[in-house]
1. Compute the orientation-averaged projected area for segment 173-225 from the convex hull of its Cα atoms and round it to one decimal in nm².
2. So for 384, 396, fewest C-beta neighbours within 10 Å to most, what's the order?
3. Compute for segment 207-282: radius of gyration divided by Kirkwood radius, i.e. Rg/Rh, restricted to C-alpha atoms, rounded to two decimals.
4. What are the extents of the Cα atoms of segment 238-311 along their three principal axes, listed from largest to smallest and rounded to whole Å?
5. Work out, in µm²/s and without decimals, the Stokes-Einstein translational diffusion coefficient of segment 263-413 at 20 °C, 1.002 mPa s, Rh from Kirkwood over C-alpha pairs.
6. Given the alpha-carbon gyration tensor of segment 81-145, what are the semi-axes of its equivalent ellipsoid in whole angstrom, ordered largest first, with each equal to the square root of 5 times an eigenvalue?
7. Would you mind listing how long the chain runs along its three principal axes, going by Cα atoms, in whole Å with the largest first?
8. Would you give the gap between the C-alpha center of segment 244-302 and the C-alpha center of segment 322-388, rounded to a whole Å?
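Bear in mind that the values in this text are calculations on the coordinates, not laboratory data. Here the structure is a predicted model, which is why all the values come from computation and not from measurement. Methodologically, a virtual Cβ is constructed for each residue, glycine included, from the backbone with ideal geometry; neighbour enumeration extends over all protein chains shown.
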Amino acid sequence: MFLTQVKILPRLLRRKHTFDSTPLFGKASFSRLVLGIETSCDDTGAAVLDETGAILGESLHSQKEVHLRSGGIIPTVAQQLHRENIERVVQEALERSCVTPGQLSAVATTVKPGLALSLAIGLEFSQRFVRQHNKPFIPIHHMEAHALTARMLQPVSFPFLVLLVSGGHSLLAVARGVDDFLLLGHTLDIAPGDALDKVARRLSLIKHPQCSTLSGGQAIELLAKDGDRTLFPFKTPMGQTYDCCFSFAGLHNQITLTIKKKEAEEGVEQGTLLRCVNDIAAATQHTVASHLAKRTHRAILFCKTNNLLPSNNPSLVLSGGVASNQYIRKVLTSITETTGLQLFCPPPKYCTDNGVMIAWNGVERLREGKGILPPHVDVRYEPKAPLGVDITAEVKAAAIKLPSVRMKIPTDG
């Protein structure tokens, strides 16, 4: 049985408060409140948090089923669904919080990076909202929000190493402060979540009776539990490139060629479920996990060499949609146990895109007075936006070769 020391962060109990605007003993009877709004890709999310991190109310509209039927995210469709749902989602979050717009201290909204058409809807709505109610506006970097989510749930102190893996991005960075990041590595081509989705579509997993309502990554994880990963020894990407960047395009091509070969061997056409689908899923998941683990291991060694992490109780935060994958979490535990780091993983609900993480990022910035704008300042969305100061060239120049590590492989994968 695989034993893991991963520290899964506990869910916060949703606490509802009824606020009275009458001062209590000359002081306001409630802390500052932030409304967070998220529309960077295909989920419309909103949440209200107080400055302690208590989630007072939240709402989320998922577009997953629509995009599953169309075989992927169509930006114009995602935009229209955001437009149709954002007002309702925000209103639900406020009502569930028992909070009126006038009681808010600020509104935080994702403005970068993401799908341009999706970002536009959230930003347009938010700017109308803050101007109507005369509230400060806090533009949010989507990946910064993912990186900081763990601090809402546990006292994770700066600096810490963060691995963010999602459908559109993957990166390794040192978080030195709320808006202070050193970028160690990033996606060079397609992101891990995108690669998993592409493999799932090529395998036609939506036709599998267990997977018809699951995202590509979820389907791969489910089927991998009953697969033999050793039957398809895919090559881990960039084995001779000694940096912390990620590449999944080559792996995707490897897997696609393997699927074509198996279709020919089984005498079936594309779109038919292969008999070995579980084994391909297991091998795919394992290779993705191994690539993430090796780059993370190098990042840890680089940080230790350059004193970028504290000597006592250094931490690795794993977040982003792909971080919901339990196999990936367990494989990364082998690296943190070997290097002496503590691994923090938010609950799966808060790894995927949501309004809570955006509101929390707003709380962190509000506390420190960073990036807070008056309501009438014009803000632009940015579909592509790096996180922090890029030192990937320095990491590559260090050319750190990894020692051999025997990864603990989960027995259910």
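1. Its average projected convex-hull area is 5.5 nm².
2. Least crowded to most crowded, the residues run 384, 396.
3. My calculation of the ratio gives 1.01.
4. 57, 20, 15
5. Working: Rh = 19.2 Å.
Reported coefficient: 112 µm²/s.
6. Over the Cα atoms of segment 81-145, the ellipsoid semi-axes are 20, 14, 11 Å.
7. For the chain, the Cα extents along the three principal axes come out at 75, 49, 39 Å.
8. Measuring centre to centre over Cα atoms gives 26 Å.
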